[in-house]
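The values are calculated or read from the model by the stated rules, or taken from the named source; none is laboratory data. Model, not experiment: these values are computed from the prediction. Every residue, glycine among them, receives a Cβ derived from its backbone with ideal geometry; neighbour counts consider all protein chains shown.
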């Protein structure tokens, strides 16, 4: 193991302080970074995404020997989802984490992985997204000025929370004003279930719940906990109504200006971090229910079959099958089973 004694450390620190053109990576001084890259997301710093993102950034900075300064901007620091996605496409942001369902406002077929009650468990999710369904979506993304890294990150299975009453049956959703992300498939699904969905950016969700602009919302347990939504919600219904993830999207032009060796360092670091984050969220989901119960949130389970049948009866599956087309729908059902 390489040790740095106090004298050599002070010498290096003084050198770095005296020369602004030097940066410190892993205890060594390097020339100023050739490339400064900005990575942004909308989640709290305590979420596994940002814990792994900080590790990822440190790895990229170290393995590039200071040639890359990889900056992490969590928690909507650079704006809401719409703003950051616009910045990604223009090149103002180099990398951005976005749900496939919100990406669907730009690339409609990208949201197919979020079809309601499609995936029964994580085995089915990863088989589909790491397999042909994910490859199909990435190919569509590549037709735009952006691209997606190979390994999607995990957001988890989503649950419904409300302030005044539990959701145990489809009838309990009738007329409930429910915050949903800005995505056609979310709005369509909850309208089919009888709710009154309202599109609200995640950055504004807490305040919308606190001021009763909306009565409820839906998110994975990890986000309900890390974003402290339990402070303004009382009931959590374990619907598992859809799985959601985050594509790590990059600006094509920005990435293309990097030499191949740096591209490889970044690609490997992003994909490896994504695989670790998947397991982090899975583990966090298992332990978070107890934490939320301790914070006063009341839980109930539901009969998913009742909700899925309502989506069939309402024409939700048939409508989206037409929109996605036979090829994409066949790939979905290859992993999810017959839906319509």
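Among the residues of region 282-307, which ones are part of a helix (DSSP H, G or I), in contact (Cβ under 8 Å) with a residue 40 or more places away in the chain and more than 23 Å from residue 154 (Cα to Cα)?
Across region 282-307, the qualifying residues are 306, 307.
Quick one: which residue in 151, 171 is in a loop (DSSP other than H, G, I, E, B) and more than 17 Å from residue 323 (Cα to Cα)?
The match here is 151.
Only one of 84, 97 is in a helix (DSSP H, G or I), under 26 Å from residue 218 (Cα atoms), in contact with a strand residue (DSSP E or B) (Cβ under 8 Å, 6 or more places away or on another chain) and modelled with pLDDT of 95 or more; which? Can you show your working first?
On the way: 97 fails: in a helix (DSSP H, G or I).
Only one candidate qualifies: 84.
For (1) under 15 Å from the mean Cα position of the chain (by Cα); (2) assigned to a loop (DSSP other than H, G, I, E, B), each residue gets a yes or a no:
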site: 102; (1), (2): yes, no
site: 105; (1), (2): no, yes
site: 109; (1), (2): no, no
site: 113; (1), (2): yes, no
site: 116; (1), (2): no, yes
site: 123; (1), (2): no, no
site: 135; (1), (2): no, no
site: 141; (1), (2): no, no
site: 144; (1), (2): no, yes
Legend entry - Whichever residue in region 199-212 is farther than 18 Å from residue 295 by Cβ and in contact (Cβ under 8 Å) with a residue 24 or more places away in the chain and, among such residues, is farthest from the chain's Cα centre (by Cα): 212
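Quick one: is residue 217 touching a strand residue (DSSP E or B) at 6+ places or on another chain (Cβ under 6 Å) and either closer than 30 Å to residue 128 by Cβ or not in a loop (DSSP other than H, G, I, E, B) (or both)?
Values: touching a strand residue (DSSP E or B) at 6+ places or on another chain (Cβ under 6 Å): yes; either closer than 30 Å to residue 128 by Cβ or not in a loop (DSSP other than H, G, I, E, B) (or both): yes.
For residue 217, the condition - touching a strand residue (DSSP E or B) at 6+ places or on another chain (Cβ under 6 Å) and either closer than 30 Å to residue 128 by Cβ or not in a loop (DSSP other than H, G, I, E, B) (or both) - is met.
Look at residue 332 and say whether it is surrounded by 19 or more Cβ atoms within 10 Å (Cβ to Cβ), in a helix (DSSP H, G or I) and within 24 Å of the chain's Cα centre (by Cα). Let's see the steps before the verdict.
Working: surrounded by 19 or more Cβ atoms within 10 Å (Cβ to Cβ): yes; in a helix (DSSP H, G or I): yes; within 24 Å of the chain's Cα centre (by Cα): yes.
For residue 332, the condition - surrounded by 19 or more Cβ atoms within 10 Å (Cβ to Cβ), in a helix (DSSP H, G or I) and within 24 Å of the chain's Cα centre (by Cα) - is met.
Checking the condition surrounded by fewer than 20 Cβ atoms within 10 Å (Cβ to Cβ) and assigned to a helix (DSSP H, G or I), which residue from 187, 205 passes? Don't jump to the end; show me each part of the working.
Details: 205 fails: surrounded by fewer than 20 Cβ atoms within 10 Å (Cβ to Cβ).
Result: 187 is the single residue among 187, 205 that is surrounded by fewer than 20 Cβ atoms within 10 Å (Cβ to Cβ) and assigned to a helix (DSSP H, G or I).
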Legend entry - Odd one out for residue 128, checked against (1) in a helix (DSSP H, G or I); (2) surrounded by 16 or more Cβ atoms within 10 Å (Cβ to Cβ); (3) in contact with a strand residue (DSSP E or B) (Cβ under 9 Å, 6 or more places away or on another chain): (3)
Inset, instruction - Those residues that are within 28 Å of residue 279 (Cβ to Cβ) and either surrounded by fewer than 22 Cβ atoms within 10 Å (Cβ to Cβ) or touching a strand residue (DSSP E or B) at 6+ places or on another chain (Cβ under 7 Å) (or both), I need them from region 224-237; list them, please. - result: 224, 226, 227, 228, 229, 230, 231, 233, 236, 237
Inset, instruction - Looking at (1) under 24 Å from the mean Cα position of the chain (by Cα); (2) buried (at least 20 other Cβ atoms within 10 Å of the Cβ); (3) within 15 Å of residue 185 (Cβ to Cβ), find the lone condition where residue 323 falls short. - result: (2)
Inset, instruction - Please determine, by comparing only the residues of region 86-100 that are without any contact (Cβ under 8 Å) to a residue 60 or more places away in the chain and under 18 Å from the mean Cα position of the chain (by Cα), which one is surrounded by the fewest Cβ atoms within 10 Å (Cβ to Cβ). - result: 86
Inset, instruction - For residues that are in contact with a strand residue (DSSP E or B) (Cβ under 7 Å, 6 or more places away or on another chain) and not in a helix (DSSP H, G or I), scanning just region 34-61, find the one that is surrounded by the fewest Cβ atoms within 10 Å (Cβ to Cβ). - result: 36
